[in-house]
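Trainee: Quick one: this structure, given as structure tokens, is what I'll be asking you about.
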There are 2 protein chains.
Amino acid sequence: MNQTLEKFKEYLKEVRQYDLASTLLTWDLQTMTPPKGLESKMDAIGFFSTKSFRLLTAAEYGAMLEELSAPEQFNELDTAMQITVKRYLREYRRFKRVPEDFYTEMVTTSARSEKAWEKAREEKDFSLFLPYLDKMISLKKQYINYMEPDEDPYEVLLDTYEEGMDSVTIEKLFTELKEGLVPLLAKIQASPQPDLSALAGSYDIDAQKKVQNMLLDYIGFDFEAGAVAQSAHPFTMDLCPGDTRVTNHYYETQPISSIFSAIHEGGHAIFGQNIDPVYEGTAVEQVNLMGLHESQSRFYENILGRNKNFWVPIYAKLGELLPQFQTIPLDVFYRAINDVHPSFIRTEADEVTYCLHIILRFEMEKAIFKDHVPTEKLPALWNDKMEELLGIRPSNDAEGILQDMHWSDGSFGYFPSYLLGNIYDGMFLEQIEKELGSLDTILAEGRIREITAWLNEKIHKHGSLYNSREVLQRVCGREISAKPLLDYFNKKYSEIYGF
Amino acid sequence: MNQTLEKFKEYLKEVRQYDLASTLLTWDLQTMTPPKGLESKMDAIGFFSTKSFRLLTAAEYGAMLEELSAPEQFNELDTAMQITVKRYLREYRRFKRVPEDFYTEMVTTSARSEKAWEKAREEKDFSLFLPYLDKMISLKKQYINYMEPDEDPYEVLLDTYEEGMDSVTIEKLFTELKEGLVPLLAKIQASPQPDLSALAGSYDIDAQKKVQNMLLDYIGFDFEAGAVAQSAHPFTMDLCPGDTRVTNHYYETQPISSIFSAIHEGGHAIFGQNIDPVYEGTAVEQVNLMGLHESQSRFYENILGRNKNFWVPIYAKLGELLPQFQTIPLDVFYRAINDVHPSFIRTEADEVTYCLHIILRFEMEKAIFKDHVPTEKLPALWNDKMEELLGIRPSNDAEGILQDMHWSDGSFGYFPSYLLGNIYDGMFLEQIEKELGSLDTILAEGRIREITAWLNEKIHKHGSLYNSREVLQRVCGREISAKPLLDYFNKKYSEIYGF
């Protein structure tokens, strides 16, 4: 038995314990911590992140990684461990360039910034968030400057969330999409609009929670290996082996919001819950390929959840839990969940205009990181771009720049992942229909778990063994392309709107 | 500035961070962790408890404590810090006699044992819990044997939960009570029994949660400094400054159960939430005086919550939240919450027979620790004592020895605290009426927060600055006595049952 390897594995276990403490504290902060308990929790997150950071920058750790990278040892490792050593050595070299005090400051500022964002959004007041956002932008730039002094910070960020991705490729894909979507949206807006007044009303929140659980179970979320809670913004968290959590939010007048957030986060969670346990303790169980991750959540949310046939086997059940749906025909519900129109909030947007919401954010991030636009000018820039892309202008910042939590914790470069995910989904859909036959039929017959099994086998179980481009090659046998997604949109919405 | 003192305070902060991680993991384990995530969480609890244990047994820590205990330094410390140094030095000397491997084994076994107890209780099968209970008993004996090799283990345990308390004093108080309660119970059982059929029915659990929150708010629980969740067995947890949590459990046919658990845990939480923040970081904010702690929870639950006048200002509100109560007169409800009769489950017992439940557990613990009765004989012994004290015999172990979680995590010696708490309550009630006037009037006029303010001022804010006997002296000006509690019982129940 390789002694260094054993020591290395033990060492990683200790890192994971500190990471679990930070992650659980963050979970608690988002779902349960009362206002007066925030300070202590944020301090603790700083403490445990620093512990983990120290281990990941220790000379002893670097020496183990160097030793395991030497050819005679490296060639003896299995593939997952080779990936682990390669990935962690790269991170080690990056991390050790970051001063510890700086790192602690960044982590604690990030936790504080999230809470400031929450308050600012609640009070629709950007000025409460401005100093935090400003600080997070400069901390992030400085952070990357420490890690990769010779690289363009935004390119590093994009690569962090989707290995191998760069702004030129994204720009090309997004431009192709924009050029296809703008005329499609125009045609949709010129068509007769559906009457959705039947959905108006108040929907009991406890009943919405029951619907959420029914849907999670239906698509394959394993309640023995996960749990659900409430938070300001829905998210998914892989807490530790055997425990993947999702959150949701609820609006009394918008049951569709919690329904689709549940399906979306459920998609993320199903990915996390189905990574092969052989990868436990390696880098492969950590999936930082956010485009690929979002492709899974968005596949469930849109390609499956917004298909009429998804609802055929369970629409009666929905009516049992939320009786209002008993008097709403499935056709009306289907029109409601595919009602395409410009709106302010990304997470509530239909799947067509959603793409434009992401393009806006990508352009904003370029403005921040490439053009260095001052932070106080960002809200107006956001509103201008909203008008340009969607033809509407937010009346306050909660409808504009304050709506998403991502920038509050420094997750710049994450947003493009959503649209990349959509693009991959077009390709996965094409492939599934080739291999399993008509999606409409599978869904209508209640065989959705066959789709989940296909995704488990082709994608989930491998964790981050392959990057997204490799996955597309292996699963679809081709390079990334936005065409299948555009084809899907054109076919679906010409049928719905009848043009 | 005293350098050692500063270093000591910093050192304690680090200990608190590890303790917070363990506590939060335990909270999560009890309220949210799905089955497949248990192992990882229990490992993590072992990891962080060991970290904390290492700090508390380090030579460096011992040296600081010795230095601060030397007269020239000690006399410079404020009272809270003097108590901290004294208490922690004693613990240090005890702890450092415990081998680290043994400690880790005890902590992880304890977490596993809790989960085994949960399953055993669910399946009404003591055999599933037997090996864990057996292990916990021997681990606990061994643990105390390491710490205090010359002391009687059960006396050490009693002192751990209620400083200065011993089995002879408890025996004397409990015997006095038993001699007063047995004839009282006989008189009650010989009296006409109330018709409580009006309460039968099904009570919505989401509505029970709303009632719980209304009650917590009414008695003075601060939702800005606490939160509520669901667990198998209700408990209260001081997580960190500004965050004191309670849990509850819900039965569709027994709303009274969640109502009184809420008030009980609320009482604990109000104690934790009102300790003076000047004691933060010292031993004084840690209240291991469990008799005193239980006196607060049980004061709210029984002396206040089971008083008819407690309900006068809020009974209409209860009916709004749980409409069934609109047709149940307050008099019937009052009889229901003071319906004295022998029953199996301690936490569901009326306040009179409750005392006998505790006396039973005290006798069981003496059998375990003083007479060394083999673990497999404990269920039958429990049932025999139940018959002897309450005249009824459990039909399965879920109704008997499996009902409480305390022994599963090794909390032997805790049970007497509940009854000691009751005894103190009799004394506090007497004192409150002397100082503030008739409790009935205060409650009927909705001035319950005046009681809470009195308890805050006299008891809560001091944390563990004084032990329970000192508190009784300071607050009531007398030694501990069971007489006021017996007087309260005799007066209240002769009125209710009319003898």
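Trainee: Between A:D339 and B:M214, what FRET efficiency follows from the Cβ-Cβ distance if R0 is 30 Å, with the result rounded to 0.05?
Mentor: The formula returns an efficiency of 0.15 here.
Trainee: Separate question: How many Å³ per residue does the convex hull of the Cα positions in the range B:82-214 occupy?
Mentor: 249 Å³
Trainee: Sum up the charges of everything whose Cβ sits under 12 Å from the Cβ of A:G266, counting Lys and Arg as +1 and Asp and Glu as -1, but leave A:G266 out.
Mentor: With Lys, Arg at +1 and Asp, Glu at -1, the neighbours total -2.
Trainee: Please work out, to two decimal places, the log10 of the ratio I(q)/I(0) at q = 0.20 Å⁻¹ from a Debye calculation in which every Cα of the range A:250-315 carries one identical scatterer.
Mentor: Log-scaled intensity ratios, in q order: -0.84.
Trainee: Hey, another quick one. Please list, or write none, the lysines whose alpha carbon is within less than 21 Å of the alpha carbon of B:K172, excluding same-chain residues fewer than 8 places away.
Mentor: Within the straight-line cut-off, B:K172 pairs with B:K366, B:K370, B:K385, B:K483.
Trainee: Hey, what did the range B:1-110 get for relative contact order, percent, Cα under 8 Å, at least 6 apart?
Mentor: Averaging sequence separation for qualifying contacts and normalising by length gives 34 percent for the range B:1-110.
Trainee: Would you mind checking the pairs A:K51/B:K209; B:K141/B:K458; A:K492/B:K36; A:K140/A:K458; A:K119/A:K377; A:K124/A:K209 and listing those with alpha carbons more than 30 angstrom apart?
Mentor: Over 30 Å apart, Cα to Cα: A:K51/B:K209; B:K141/B:K458; A:K492/B:K36; A:K140/A:K458.
Trainee: I would also like to ask the following. Taking R0 as 30 Å, what's the FRET efficiency between A:D78 and A:E224 from their Cβ-Cβ distance, rounded to 0.05?
Mentor: The calculated FRET efficiency here is 0.60.
Trainee: Given 0.36 nm per residue, what is the gain on full extension from A:E66 to A:K317 after removing their alpha carbon distance, in nm?
Mentor: Roughly 84.7 nm would be gained on extension.
Trainee: Right, another one. Across bins of 10 angstrom width beginning at 0, how are the C-alpha pair distances of the range B:143-269 distributed, in whole percent?
Mentor: 11, 23, 24, 30, 11, 1
Trainee: Round to a whole angstrom and tell me the spacing of the C-alpha centers of the range A:156-225 and the range B:334-400.
Mentor: 57 Å
Trainee: Span-like helices, chain A: DSSP H, alpha-carbon axial extent 20 Å or more, mean Kyte-Doolittle -0.5 or greater, which ones?
Mentor: A:38-57, A:126-147, A:167-190, A:205-219, A:255-273, A:351-369, A:416-436
Trainee: Continuing with the same structure: For a Förster distance of 51 Å, can you work out the FRET efficiency between the beta-carbons of B:S127 and A:K13, rounded to the nearest 0.05?
Mentor: Values: r = 34 Å, r/R0 = 0.66.
It comes to 0.90.
Trainee: Hey, another quick one. With every protein chain left in place, what is the accessible area of B:V156 in Å² (1.4 Å probe, nearest 10)?
Mentor: 10 Å²
Trainee: With every protein chain kept in the model, how would you rank A:V373, B:V287 by accessible area, 1.4 Å probe, largest at the top?
Mentor: Result, largest first: A:V373, B:V287.
Trainee: Given a 1.4 Å probe, show me the residues in the range B:239-280 buried by at least 20 Å² of accessible surface when comparing the whole protein assembly to the chain alone.
Mentor: B:C240, B:P241, B:G242, B:D243, B:R245
Trainee: Rank B:H341, B:H372, B:H249 by accessible area, highest first, at a 1.4 Å probe radius?
Mentor: I get B:H372, B:H341, B:H249, largest accessible area first.
Trainee: Turning to a different aspect of this structure: What distance in nm separates the simple spin-label points at A:R97 and A:D206, each placed 7 Å from Cα in the Cβ direction?
Mentor: 5.6 nm
Trainee: Sticking with this structure for a sec: Tally Lys/Arg at +1 and Asp/Glu at -1 over every other residue whose Cβ is under 13 Å from the Cβ of B:G421; what's the total?
Mentor: The answer is -4.
Trainee: Summing +1 for each Lys or Arg and -1 for each Asp or Glu, what net charge is found among the other residues whose Cβ lies under 12 Å from the Cβ of A:T84?
Mentor: Net charge in that neighbourhood comes out at 0.
Trainee: Something else about it: Shape verdict for the range B:10-104, please, from the Cα gyration tensor: rounded (a/c under 1.5), prolate (a/b greater than b/c) or oblate.
Mentor: Here the range B:10-104 falls in the prolate category.
Trainee: At q = 0.07, 0.09, 0.12 Å⁻¹, what base-10 log of I(q)/I(0) does the Debye formula yield for chain A when every alpha carbon is treated as an equal point scatterer in vacuo?
Mentor: -0.38, -0.64, -1.20
Trainee: Looking at the range A:148-255, which trypsin sites (Lys or Arg not before Pro) are DSSP coil and have at most 16 other C-beta atoms within 10 Å of their C-beta?
Mentor: Passing both the DSSP loop test and the Cβ count: no residue.
Trainee: Hey, got the dipole for chain A? About the Cα centre, +1 on K and R Cβ, -1 on D and E Cβ, debye to the nearest 20? Provide the component values of the computation, followed by the final result.
Mentor: Numbers: 52 positive and 79 negative charges, 51 e Å.
That gives chain A a dipole magnitude of about 240 debye.
Trainee: Still on this model: Can you give the alpha-carbon Rg of the protein assembly as shown over 2.2 N^0.38 Å, where N counts its residues?
Mentor: After normalising by residue count via 2.2 N^0.38 Å, the value is 1.03.
Trainee: Would you mind giving the three semi-axes, in whole Å and largest first, of the ellipsoid equivalent to the range A:308-439 according to its Cα gyration tensor?
Mentor: 34, 20, 13
Trainee: At 222 nm, what helix-only mean residue ellipticity would the protein assembly as shown give, in deg cm²/dmol to the nearest 500, using -39500 (n - 2.57) for each DSSP H run of four or more?
Mentor: -20500 deg cm²/dmol, from helical runs alone.
Trainee: In units of 2.2 N^0.38 Å, what is the alpha-carbon radius of gyration of the range B:369-499?
Mentor: This ratio for the range B:369-499 stands at 1.37.
The values are calculated or read from the model by the stated rules, or taken from the named source; none is laboratory data. Everything numeric here is computed off the predicted structure, so don't read it as measured data. Cβ: placed from backbone, ideal geometry, glycine included. Neighbour counts: every protein chain shown. To get the accessible areas, we keep the full protein, side chains included, count just its heavy atoms, and leave off ligands, DNA and RNA. Shrake-Rupley method; radii C 1.70, N 1.55, O 1.52, S 1.80 Å.
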